[in-house]
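The values are calculated or read from the model by the stated rules, or taken from the named source; none is laboratory data. In this text, all values refer to a predicted model and were calculated from it rather than measured experimentally. Glycine also receives a Cβ, built like all others from the backbone with ideal geometry; neighbour counts cover every protein chain displayed.
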Amino acid sequence: MVSFESDYNTGAHPALLKRLAETNLEFLSGYGTDRYCESAKKKILDAVGVPGAEVEFLTGGTQTNAVVISTMLADHEGVIAAKTGHINAHEAGAIEYTGHKVIALPQKDGKLSLDALAGFLEDFYADPSRDHMVFPGMVYISYPTEYGTLYSKRELEALREVCRRYGMKLFIDGARLGYALTSYDCDLTLKELASLCDVFYIGGTKVGALCGEAVVFTQNNRPEFFTTSVKKRGAMLAKGRLVGVQFDALFTDGLFFEISRHAIAMAEKMKELFRSKGIEFFISSPTNQQFVVLENSRLERIAESVVFTPWEKFGPDRTVVRFVTSWSTKDEDLKALEAAL
């Protein structure tokens with residue numbers, strides 16, 4: 001079997017495993033206070049290039065979303081997200097479990113509708129009974145989106161402007177950030193993205209690491225007592241070195257971007273393969289997640305030798321399915337897919 005199920009089905013990039021093995025017997029302080037975590041933070045901050053930014057490490061995407069949102073919002077505030085946003089659709093109520101409502105708004109191609117956002121906020125603040133409602137304190141987006149699509153620089157600037165106008169924070173979920181920034185359609189840099197939001201994270205789990213996410217607070221706005229809050233939420237990793245060593249390797253000699261560019265190159269080859277077979281695309285994705293429409297009979301046949309993710313029904317006889325490339329995707333994998341198609 002060959003798998004295009006997700007970008008974290010294989011373990012870790014060999015360079016990361018090598019560094020973990022090399023440092024394995026070193027005696028290091030715990031809880032992220034070791035020298036590798038400090039080195040990784042410095043390298044990330046150099047890449048981000050925003051004065052006053054701070055980095056903290058967590059281990060997984062849902063955990064990171066829940067910790068960041070719950071520590072940055074006030075008790076009476078909720079977070080706005082697209083209906084298809086990860087925190088609304090695929091995190092089992094993790095945000096609501098912290099006591100903060102997810103306010104789901106309409107989307108287009110996976111992106112939060114700016115018109116819907118502006119309309120919601122206008123209506124909310126015009127409502128004389130708003131003191132009985134959950135106040136919007138943050139806008140959450142993922143980059144890329146759940147459908148592999150990208151916000152343009154202009155769209156992010158517009159979202160930031162709306163957030164500033166209403167005193168809200170802008171949080172960017174970057175679980176697949178590497179695949180967004182190296183996409184051929186991306187029109188902004190890591191530094192520009194960092195300057196357009198209040199907080200974002202750089203995903204390691206889906207971009208070559210065994211685990212780990214690097215949270216970047218960009219406005220000298222790391223929540224007070226953040227370390228204590230992480231501990232309280234059960235999110236503190238005793239062997240913080242596990243994440244620090246991996247991010248130190250990822251941000252040495254551009255490995256993070258090299259890994260990401262490879263996945264994008266493989267995705268482009270996959271798109272050409274689908275086109276050559278006359279397969280219909282559900283959405284135009286410029287990143288490593290590709291969504292196509294398959295007849296159910298064809299889907300069943302392909303599933304005999306290829307692993308992928310059925311996404312949603314597309315009429316009575318067809319299904320939208322997702323194929324994902326990663327740092328570990330090989331040309332041989334694409335040849336196996338071609339044979340299955």
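Summary of computed values
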{"read-out": "Selection from region 166-181 of residues that are buried (at least 21 other Cβ atoms within 10 Å of the Cβ) and part of a loop (DSSP other than H, G, I, E, B)", "value": "Met168, Gly174, Ala175, Arg176"}
{"read-out": "From Val324, Val293, Val306, residue being surrounded by fewer than 22 Cβ atoms within 10 Å (Cβ to Cβ), within 16 Å of Ser6 (Cβ to Cβ) and β-branched (Val, Ile, Thr)", "value": "Val306"}
{"read-out": "Tally, over region 108-132, of residues that are in a loop (DSSP other than H, G, I, E, B) and over 18 Å from the mean Cα position of the chain (by Cα)", "value": "4"}
{"read-out": "Of all residues in region 206-240 being touching an Asp or Glu at 6+ places or on another chain (Cβ under 6 Å) and under 17 Å from Gly60 (Cβ atoms), the one that is surrounded by the most Cβ atoms within 10 Å (Cβ to Cβ)", "value": "Lys206"}
{"read-out": "Residue in region 261-282 that is among the basic types (Lys, Arg), surrounded by fewer than 17 Cβ atoms within 10 Å (Cβ to Cβ) and in a loop (DSSP other than H, G, I, E, B) present", "value": "yes"}
{"read-out": "Counted residues, region 9-32 - those being within 27 Å of Thr227 (Cβ to Cβ), part of a loop (DSSP other than H, G, I, E, B) and under 25 Å from the mean Cα position of the chain (by Cα)", "value": "3"}
{"read-out": "Near pairs, Cβ below 7 angstrom, 6+ apart or cross-chain, from region 271-287 (more than 17 Å from Leu334 (Cβ to Cβ)) to any residue that is surrounded by fewer than 16 Cβ atoms within 10 Å (Cβ to Cβ)", "value": "Ile283/Asp109; Pro286/Tyr184; Pro286/Asp185"}
{"read-out": "Residues of region 131-157 satisfying the condition of being under 22 Å from Ser195 (Cα atoms) and hydrophobic (A, V, I, L, M, F, W, C)", "value": "Met138, Val139, Ile141, Leu150, Leu156"}
{"read-out": "Thr319 being under 29 Å from Pro14 (Cα atoms) and either in the same structural domain as His262 (by TED's automatic domain parsing) or of a type in the set (A, V, I, L, M, F, W, C) (or both)", "value": "no"}
{"read-out": "Any hit, region 94-105, residues being among the polar types (S, T, N, Q) and either touching a strand residue (DSSP E or B) at 6+ places or on another chain (Cβ under 6 Å) or surrounded by 15 or more Cβ atoms within 10 Å (Cβ to Cβ) (or both)", "value": "yes"}
{"read-out": "Total residues in region 60-85, condition under 30 Å from Arg241 (Cβ atoms) and in contact with a Ser or Thr (Cβ under 8 Å, 6 or more places away or on another chain)", "value": "7"}
{"read-out": "Selection from region 54-75 of residues that are crowded, with 21+ Cβ neighbours inside 10 Å and either in contact with a Leu (Cβ under 9 Å, 6 or more places away or on another chain) or not polar (S, T, N, Q) (or both)", "value": "Val55, Glu56, Phe57, Leu58, Gly61, Thr64, Ala66, Val67, Val68, Ile69, Met72, Leu73"}
{"read-out": "Pairs, first more than 25 Å from Ala74 (Cα to Cα) in region 97-115, second polar (S, T, N, Q), C-beta under 7 Å, six or more apart", "value": "Gln107/Thr84; Gln107/Ser113; Asp109/Thr149; Gly110/Thr84; Gly110/Thr145; Gly110/Thr149; Lys111/Thr145; Lys111/Thr149"}
{"read-out": "Index of the failed condition, Val139 passing every other in (1) in contact (Cβ under 8 Å) with a residue 40 or more places away in the chain; (2) aliphatic (A, V, I, L, M); (3) within 20 Å of Asn288 (Cβ to Cβ)", "value": "(3)"}
{"read-out": "Filter result for the condition that a residue is buried (at least 21 other Cβ atoms within 10 Å of the Cβ) and either touching a residue at least 24 places away in the same chain (Cβ under 8 Å) or not in a helix (DSSP H, G or I) (or both), over Val79, Val50", "value": "Val79"}
{"read-out": "Flag for Gly208 being assigned to a loop (DSSP other than H, G, I, E, B) and in contact (Cβ under 8 Å) with a residue 60 or more places away in the chain", "value": "yes"}
{"read-out": "Residue match in region 100-107 (condition: outside any helix (DSSP H, G or I), under 25 Å from Ser326 (Cα atoms) and of a type outside the set (A, V, I, L, M, F, W, C))", "value": "no"}
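The rows are residues; the columns are (1) small (Gly, Ala, Ser); (2) assigned to a loop (DSSP other than H, G, I, E, B); (3) over 22 Å from Thr149 (Cα atoms).
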position: Pro286; (1), (2), (3): no, yes, no
position: Gln290; (1), (2), (3): no, no, no
position: Leu294; (1), (2), (3): no, no, no
position: Arg301; (1), (2), (3): no, no, yes
position: Pro310; (1), (2), (3): no, no, no
position: Arg322; (1), (2), (3): no, no, no
position: Ser328; (1), (2), (3): yes, yes, no
position: Asp333; (1), (2), (3): no, no, yes
position: Ala336; (1), (2), (3): yes, no, yes
